1. Under a crude label model (7 Å from the Cα following the beta-carbon direction), how far is ASP41 from GLU712 in nanometres?
2. Run the simple label-point estimate for SER747 and PHE333 please: 7 Å along Cα→C-beta, distance reported in nm.
3. If neighbour count is taken as other Cβ atoms inside 10 Å, put ASP273, ASP98 in order from fewest to most.
4. Calculate the length of the line joining the C-alpha centroid of region 272-286 to that of region 688-709, in whole Å.
5. Can you compute the FRET efficiency between ARG262 and THR160 using 1/(1 + (r/R0)^6), with r the Cβ-Cβ distance and R0 = 41 Å? Round to the nearest 0.05.
6. Report, by chain and number, residues whose modeled amide H sits under 5 Å from the one on GLU403, excluding near sequence neighbours (fewer than 5 apart, same chain).
7. Could you put SER306, SER265 in order, starting from the residue whose Cβ has the fewest other Cβ atoms within 10 Å?
8. Which of the GluC sites (Glu not before Pro) across region 1-94 are loop residues per DSSP, with 12 or fewer other Cβ within 10 Å?
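Just so it is clear, none of the values below were taken in a lab; they were calculated from the coordinates. Treat the numbers as computed from the prediction; the structure is a model and nothing was measured. Cβ atoms come from the backbone with ideal geometry, glycine included; neighbour counts cover every protein chain shown.
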Amino acid sequence: MSELQTHDDEILIQGKFEELLKLCCNNTNEEGIALIRKAFDIANEAHKGIKRRSGVPYILHPIAVAKIVVQEIGLGYKSICAALMHDVVEDNPNFTIDLVKSVFGETISYIVDGLTKIDVAFDKEKSNQAENFKRILLTMNDDIRVIIIKIADRLHNMRTLGSMPVEKQQKISNETLFLFAPLAYRLGFFKIKSELEDLSLKYLMPEAFEEIDAKINATEAGRQDFFDKFINPIENKLKESNIKFNTSARTKSVYSVWNKMRTKSVNFEEIFDLFAVRIIFEPTDIIPERTQCWHIYSIITEIYQSKNERLRDWISTPKTNGYEALHCTVMAFGVWVEVQIRTKRMEEIAERGFAAHWRYKDDTAQEEEVDRWLAKIRDVLVSPETNAVEYLDQFRLNLYSSEITLFTPKGKTIILPKGVTVMDFAYTIHSRIGDKAISAKVNHKLVSLSYILNNGDQVEVLTAETAKPQRVWLEYAKLPRTKSRIEAALKAEVQGHIELGRKLIEKKLSEFNVEPQSRVFIKLCAAYGVANKRELYSKVGAGIIELDDFEKQLKKNPPQKSAIYWGFGLIQKIIPGTKKPIKEDETQKTDETTTETTKIDKKKTFLLKETFEKKLTYKTENCCNPIPGDNIIGFEIDDGQVTVHRQECPEANKLAAEHGDKIIKVKWTTHKVQSFLALIDMRGIDRIGILNDTTKIITGEMNVNMRKLNVESHDGIFEGTIELYVHSIEDLNNLITKISKIKNMESVRRL
């Protein structure tokens with residue numbers, strides 16, 4: 001949207017830029033400030049007259065991104081300049097990368113170029129979204145600031161997402177949850193990560209967001225009273241020890257509460273760790289920070305009883321994203337309370353991520369830690385040949401994984417994601433150890449390669465020179481880099497077999513003065529029962545097929561029909577798109593159940609309804625079993641084929657992020673015939689007749705058909721799950737309400 005820039009717009013723009021400059025003046029020299037002014041002038045000229053969908057001048061967006069970069073992340077003037085100009089090259093052909101390079105130099109122009117390529121990729125709605133994400137991630141191989149500024153850009157876009165159409169809100173929010181929030185977490189930007197998650201939930205599930213947000217706010221007064229009562233004795237003891245500190249209560253984010261309610265199947269009232277107490281202190285130079293953290297821990301546990309199994313020591317072994325703190329959980333007034341102990345340095349790193357490390361580089365240790373982290377990220381970015389969707393799935397596994405500390409026989413520390421196996425550990429040590437692994441000793445006890453490792457395990461990998469990678473190892477591997485190394489080894493082995501087989505067959509053919517022609521290989525493929533020449537080579541090279549009867553097979557004259565079929569693999573390889581021939585005794589069949597597909601107009605809302613033939617015009621997915629009335633998201637997988645997921649479904653989140661162009665607007669209509677599968681969970685105090693009362697309501701009062709009933713009673717507790725069919729979410733809620741009123745029934749909820 002472009003129009004003349006008004007005088008009021010110019011005043012607004014200048015005011016916002018002055019706010020940015022004030023933030024920069026504290027830690028930027030005159031040369032840096034001069035470059036920031038130049039970057040603003042170029043960006044302001046490039047975006048002159050252009051407005052965002054909300055109606056504000058476009059230049060306010062790059063200014064806001066630059067403010068996030070300096071104020072919330074803490075990067076320097078080069079990043080600020082790049083943030084100001086991140087849309088310049090794409091939006092105005094008069095401003096090229098070469099121009100940026102001539103004015104600002106190599107580094108800034110490189111960052112701007114990286115950001116431009118990312119933005120162009122995201123604008124291509126019809127391209128594979130997973131491919132676009134892959135391009136983004138690969139930029140981390142060169143300059144991490146590219147992805148950091150992109151996260152800042154996404155944060156501001158999320159803050160201003162309200163002016164976008166609903167389908168755009170869904171697409172962008174799913175992208176954010178799927179990739180940008182995990183990336184922010186991995187980079188250590190916890191505050192930004194939480195805000196990205198909250199904003200995504202706000203647009204994806206507005207009713208759930210508002211309900212939880214209201215409940216959190218309603219408990220604020222009670223939390224403050226409890227916090228004051230809890231913290232007072234601790235503060236008195238800290239003052240007696242002459243420790244300079246401040247305390248605060250950190251409340252769980254709305255998304256964290258929602259996610260826990262969903263994953264743990266609990267109500268809001270059942271979440272007891274709604275807030276944690278944070279103690280941030282100024283360490284002295286005389287005693288190590290770690291020792292001082294443990295001293296504060298001892299003060300706390302003198303007052304309150306500690307829950308030892310909940311102790312988290314991230315000061316001895318920081319997380320790979322740089323997080324350092326000592327977490328303990330103590331009992332106070334009948335409630336378990338988490339206390340987080342940090343220095344000011346640890347707090348800044350926790351809030352602002354790895355960018356804060358560079359402020360504390362008084363020795364090489366911090367710099368080396370950043371380098372180690374970047375090396376791990378780059379290690380994940382290998383295998384460029386991998387399918388983009390698979391690549392993205394593998395990368396995400398490394399973003400949110402909890403970590404465990406493992407030890408080699410000599411005591412060297414290895415930090416890996418939780419859930420890794422001996423196979424992963426072996427390849428982490430070295431590819432050759434992985435390739436030759438046969439088993440391992442974990443804590444001096446013999447285990448298999450598929451054994452899942454636990455925190456603190458000491459692992460000795462046992463190898464043999466005769467060992468080599470097996471395809472089953474791919475099932476043992478949990479880390480993407482392990483799988484890629486196994487696949488590379490298997491591929492190399494197969495290629496070796498093919499090459500050896502080719503030489504052996506060509507040698508045999510030359511012995512009989514036969515040219516290696518297609519008709520010859522059609523005969524050989526038929527004779528040895530393989531689909532094509534490549535498979536023949538591979539099996540001969542691997543020793544699966546022996547060539548002792550080669551002359552006899554070569555002289556055979558197989559029937560013409562067989563030759564056609566055995567040669568099909570080779571023909572299809574030579575002529576791509578060749579269709580398989582139809583056998584003489586075969587007749588073409590049509591699938592009577594297949595419906596004629598129609599082109600969907602994505603500008604209109606697709607109505608989810610029943611037809612007169614008692615069929616659905618769409619498909620509900622089994623991963624989440626949506627029911628009419630649920631908050632949903634729709635996808636056009638093939639022309640005319642619509643699939644529906646519940647909005648909170650992880651698979652829907654993945655699809656929307658990877659294939660945003662497939663999202664369509666969908667709306668439920670009334671369903672009177674078709675029933676939908678739902679699963680409910682019940683729990684109560686056991687008594688004679690409680691199951692009978694339940695089934696009476698389901699089948700008698702509500703006339704609902706049950707598919708499966710699973711009930712268990714133990715120690716006076718009644719628990720059960722029921723799979724049943726309902727017409728709508730309203731029917732299900734009515735059913736749950738009625739069952740909840742049964743005597744001794746404590747809780748009933750949908751799973």
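1. 7.3 nm
2. Result: 2.4 nm between the two label points.
3. On the way: ASP273 15, ASP98 10.
Lowest count first: ASP98, ASP273.
4. Using only Cα atoms to place each centre, the spacing works out to 52 Å.
5. Working: r = 27 Å, r/R0 = 0.66.
For R0 = 41 Å, the calculated efficiency reads 0.90.
6. Counting only residues 5 or more places away or on other chains, the set is LYS418.
7. Details: SER306 17, SER265 13.
Result, fewest neighbours first: SER265, SER306.
8. GLU3
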